[in-house]
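Written below as structure tokens is the structure these notes are about.
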Amino acid sequence: MPPAFISRPPDVAFGEHPDLGIVAAITDGLQDNPAPILDRAGWHHLPVLDIYLAPTGRRDDGLDAVAATTVQFQQHGYTVAVQSELAGAVLTRVTGKPEPIRALALAGAPARTARLADHLSTPPAAPAGGTARIR
């Protein structure tokens with residue numbers, strides 16, 4: 001199936017905040033709440049901002065947590081968006097080498113970690129918001 005652009009927001013988004021480090025946010029109004037997956041993986045809910053902080057303040061641990069939690073979400077059928085710079089760092093950490101990041105969004109597809117470069121011969125235009133979908 002060829003890549004298609006997102007027709008709805010992802011269920012969960014990961015990004016990197018300049019002061020808070022790696023964070024996760026859940027889309028409001030989901031029928032099945034993915035928060036228990038974040039809780040079990042050690043992410044800490046920050047109610048005042050309604051975001052989740054990575055399990056530790058160490059960036060390397062946070063990158064590992066994004067990769068591992070993304071797999072958990074995939075196993076439960078959730079979609080995930082990852083800030084493009086963060087996605088590149090996660091893929092580098094997982095594969096041990098820098099990977100080119102190309103924005104990829106599959107409508108309704110669950111998130112899963114994979115080498116994006118192997119799936120596309122030419123990069124599509126980046127979706128609004130500067131996020132990359134890890135599939």
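General observations
- When restricted to residues that are loosely packed, with under 14 Cβ neighbours inside 10 Å, over 18 Å from Ala25 (Cβ atoms) and at pLDDT 75 or above, the range 72-110 contains 2.
- Residue pairs meeting the criteria (Cβ under 7 Å; at least 6 apart or on separate chains; first modelled with pLDDT of 75 or more, in the range 1-22; second of a type in the set (D, E, K, R) and in a strand (DSSP E or B)): Ile22/Glu16
- Test: residue in the range 53-66 that is open to solvent by less than 40 Å² (accessible area, probe 1.4 Å) and farther than 10 Å from Ile22 by Cα: no
- The selection criterion, being under 14 Å from the mean Cα position of the chain (by Cα) and modelled with pLDDT of 95 or more, holds for Leu53.
- Taken over the range 39-52, the residue count meeting the criterion of being open to solvent by less than 40 Å² (accessible area, probe 1.4 Å) and within 15 Å of Thr27 (Cβ to Cβ) is 2.
The values are calculated or read from the model by the stated rules, or taken from the named source; none is laboratory data. Remember, predicted model here, so these are calculated numbers, not experimental data. Every residue, glycine as well, gets a Cβ built from its backbone with ideal geometry; the counts of neighbours run over all protein chains shown. Heads up: the accessible areas ignore ligands, DNA and RNA and are worked out on the full protein's heavy atoms, side chains in. Shrake-Rupley method; radii C 1.70, N 1.55, O 1.52, S 1.80 Å.
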